[in-house]
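Enquirer: Sharing a structure with you now.
The values are calculated or read from the model by the stated rules, or taken from the named source; none is laboratory data. Not measured: the values here are computed from a predicted model. Please note: Cβ atoms are built from the backbone with ideal geometry, for glycine as well, and neighbour counts cover all protein chains shown.
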Amino acid sequence: MTALLEVRGLSKSFRGLRAVSQVSFDVPQGEIVALIGPNGAGKTTCFNMIAGAFPPSDGTVRLGGRDITGLRADQICRAGIGRTFQIVKPFAGLTVHENVTVGALNAFADLADARAKAAEVLQLLGLWAKRDQPASSLTLPDRKRLEVARALGTGPQLLLLDEVMAGLRPTETDQMVAVFRQLNEKTGLTILLIEHVMRAVMALARRIVVLHHGETIAMGDPETVVRDPAVLDVYLGAEAL
Amino acid sequence: MSRMLRRLGEGVSNRALVALGLVFAALLLAPLVSNGYVLSVLIIALYYAYAGQAWNVMMGFCGQLSLGHSLYVGVAAYAAAIFFVKWNVPPVIGMFAAIAVAMAFGAVIGFLAFRFSVSGVYFALLTIAFAEFTRIGFDHFTWAGGSGGFFLKVEDRAADLITLRGPPIMFYYVMLALTALAFLFCRMLTQSRVGYYWFAIREDQEAAQALGINVFRYKMLAVIVSSGMTSLAGVFFAFYYNNLFPEQIFSMARSIELILGPIIGGLGTLFGPILGAFVLTVLADLVTEVLVFTGYDIPGVKQVFYGLCLAVVVIWLPLGIWPPLKRRLGLEGRS
Ligand SMILES: Nc1ncnc2c1ncn2[C@@H]1O[C@H](COP(=O)(O)OP(=O)(O)OP(=O)(O)O)[C@@H](O)[C@H]1O
Ligand SMILES: [Mg+2]
């Protein structure tokens, strides 16, 4: 069986700076994969290329066998990839419910259905009580939840999460982990997550890909990866695991 | 149909519906208690309410700042007037040509801007440039009168909606109908996918795109809807004033006047453009009248007044008059 997401030789240069270099990995259907690495390793840049924020300098991205390299972000969303932004981008002037409804309109033709779907997602993420507040009034952890809610609203096959647990308290992290677990087990949602919070990574990921200076330095199951000397050297050692 | 009606009223409190009904009734009856002068002021107020609503679609809903909406007013005014004067085609038919021409201009500007990612201040400059180029074009377009102007025959006759010839009261009700329809149309838009998508684009284009929105397409739609709506203000203008001068109709001052209502009333709101247009037009006239009455006939006092209103709103009521007023009156929606 081919993987849901296949990334091959993905590369990006920003005016000479090689931010991502020849990165290849798979995200099998129904799995949770983590992309980790130190600051500036090129994780977000990988996401941006997968999600169509900008085209790669080189390499290909396939979703369910279909080549989606270089498509626009909206086309990629419609193809089934939902993404969050590390630097959150709420629709500040809209209410929390409206924010998520915009996402849900990707999956539902009718506005009433989209609003219902949004309500469901908001309940799942514990934002329901704040549904009528403008997004601008949310705290950062809530904005991160809103990012997740909006992306989930689009009804993705694959969810890309960029540091959505950053800034959450440990109990909040555990709640969020439980939500992703549940989504993954119940709906078969496939997840690729970038995360510095190792507690969340270890609780969720079946596979880990480690980036450093834009290159893949390790890949495999969590137990092996966290013992990998190269990984300990450049990343996890510093995190004082 | 009934579903659409239900959606129009969704989330609106009964109090707000009653208030809206009262405002509409007052506007319906206003001519009965107005003299000719007051009626002319109300007609101008409705004209700005309508045009402001049209502009609001582009800026208030979709976040695209146009400072050249006089372009759409102008080309539509000329189109309808030319059809009528040159070819005897009445405005009920000519208006479709006017709508088409204005939308075509909107589509060209939108295409150039959005295809080449011109946005913000540069987009606003592009809209000004187009209005200016078109003004220059019409200045030299001698077949349509050039800079000397283009005129419709002034006729004193009973109201005829087909040819839009008639007394001021006819123009009042035409403008009132347009304003009411535009209000309902915009309400419908905001209660639909299109409205949600426009708001999303206004708030954050990149996030909007990541949620599956074809940003280019929806921005094009905003420009085309807005220019098409604005064109009817142009048709009205031609037949109400009976004279068109490129110098005036395409001027930037006209574009600015047109956007003051929605800014002062409340950008992106439905009632703001109407409220803003009335507040500005009526108050500015009152101020002028009072000054004239007390012996100060100062040219340009209206513009100064507009400027003051704008300053007051920008500093103290950045959301415009309507959102806080709505809260004060207890007209906020239920959810
Ligand atoms: N749009 C851009 N233009 C120029 N350089 C960029 C751009 N985006 C990222 N970079 C650079 O590319 C490198 C990789 O950045 P990226 O954001 O992908 O890192 P990251 O792994 O997500 O880091 P972090 O953990 O801090 O989020 C960095 O050196 C960054 O400065
Ligand atoms: Mg990052």
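Enquirer: Pull out all pairs, ordered by first then second residue, where Cβ-Cβ is under 9 Å, the residues are six or more apart or on different chains, the first lies in the stretch B:182-194 and is in contact (Cβ under 8 Å) with a residue 12 or more places away in the chain and within 11 Å of another protein chain (Cβ to nearest Cβ), and the second is loosely packed, with under 15 Cβ neighbours inside 10 Å and assigned to a helix (DSSP H, G or I).
Expert: Final answer for the pair search is B:Gln191/B:Met4; B:Gln191/B:Leu8.
Enquirer: Another question, if that's okay. Could we say that A:Gln123 is over 18 Å from B:Gln209 (Cα atoms), within 12 Å of chain B (Cβ to nearest Cβ) and of a type in the set (S, T, N, Q) here?
Expert: No, not satisfied.
Enquirer: Out of the residues in the stretch A:38-85 meeting the condition of being of a type in the set (Gly, Ala, Ser) and loosely packed, with under 15 Cβ neighbours inside 10 Å, tell me which one is nearest to the other protein chains (Cβ to nearest Cβ).
Expert: Checked the stretch A:38-85; the qualifying residue nearest to the other protein chains (Cβ to nearest Cβ) is A:Gly70.
Enquirer: Could you check, for the stretch B:231-246, whether at least one of its residues is surrounded by fewer than 24 Cβ atoms within 10 Å (Cβ to Cβ), aliphatic (A, V, I, L, M), away from chain A (no Cβ under 14 Å) and within 17 Å of the chain's Cα centre (by Cα)?
Expert: no
Enquirer: I'd like the residue in the stretch B:26-83 that is among the polar types (S, T, N, Q) and at pLDDT 95 or above and, out of all such residues, is nearest to the chain's Cα centre (by Cα).
Expert: Selected residue: B:Gln53.
Enquirer: For the stretch A:124-213, which strands (runs of 3 or more DSSP E) that fit wholly inside it have 3 or more residues that are within 26 Å of A:Ala109 (Cα to Cα)?
Expert: Output list reads A:158-162.
Enquirer: Now for a different question. Looking at A:Lys43, A:Lys12, which one is assigned by TED's automatic domain parsing to the domain that holds A:Leu189 and more than 7 Å from ligand 1 (Cβ to nearest atom)?
Expert: Residue meeting the stated conditions: A:Lys12.
Per-residue answers, yes or no, for (1) free of Cβ contacts under 8 Å to residues at least 40 places away in the same chain; (2) aliphatic (A, V, I, L, M); (3) farther than 26 Å from B:Ile259 by Cα; (4) in contact with a Ser or Thr (Cβ under 8 Å, 6 or more places away or on another chain):
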position: B:Val75; (1), (2), (3), (4): no, yes, no, yes
position: B:Ile82; (1), (2), (3), (4): no, yes, yes, no
position: B:Trp87; (1), (2), (3), (4): yes, no, yes, no
position: B:Ile109; (1), (2), (3), (4): no, yes, no, yes
position: B:Phe116; (1), (2), (3), (4): yes, no, no, no
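Enquirer: Please work out which one of (1) within 16 Å of ligand 1 (Cβ to nearest atom); (2) part of a loop (DSSP other than H, G, I, E, B) is the condition A:Val61 fails and give its number.
Expert: (2)
Enquirer: Still on this structure: Suppose we filter A:Lys12, A:Lys43 for residues that are within 16 Å of ligand 2 (Cβ to nearest atom) and touching a Pro at 6+ places or on another chain (Cβ under 8 Å); which single one remains?
Expert: From the options A:Lys12, A:Lys43, the qualifying one is A:Lys12.
Enquirer: Go through the stretch A:13-23 and give me each residue that's farther than 15 Å from A:His212 by Cβ and either small (Gly, Ala, Ser) or in contact with a helix residue (DSSP H, G or I) (Cβ under 7 Å, 6 or more places away or on another chain) (or both).
Expert: A:Ser13, A:Gly16 - these are the residues of the stretch A:13-23 that are farther than 15 Å from A:His212 by Cβ and either small (Gly, Ala, Ser) or in contact with a helix residue (DSSP H, G or I) (Cβ under 7 Å, 6 or more places away or on another chain) (or both).
Enquirer: On the basis of being touching a Gly at 6+ places or on another chain (Cβ under 8 Å) and among the aliphatic types (A, V, I, L, M), does A:Ala149 make the cut?
Expert: Judged against the criteria, A:Ala149 is a match.
Enquirer: To continue, here is another question. Given the criteria hydrophobic (A, V, I, L, M, F, W, C), more than 16 Å from ligand 1 (Cβ to nearest atom) and at the interface with chain B (Cβ under 10 Å from one of its Cβ atoms), does A:Ala118 qualify?
Expert: no
Enquirer: So, A:Asp132, is that one surrounded by fewer than 21 Cβ atoms within 10 Å (Cβ to Cβ) and at the interface with chain B (Cβ under 10 Å from one of its Cβ atoms) or not?
Expert: Answer is yes for this residue.
Enquirer: Moving to a separate point now. Looking at the stretch A:38-73 only, could you name the residues that are under 16 Å from the mean Cα position of the chain (by Cα) and more than 16 Å from A:Ser11 (Cα to Cα)?
Expert: Residues satisfying the conditions are A:Leu63, A:Ala73.
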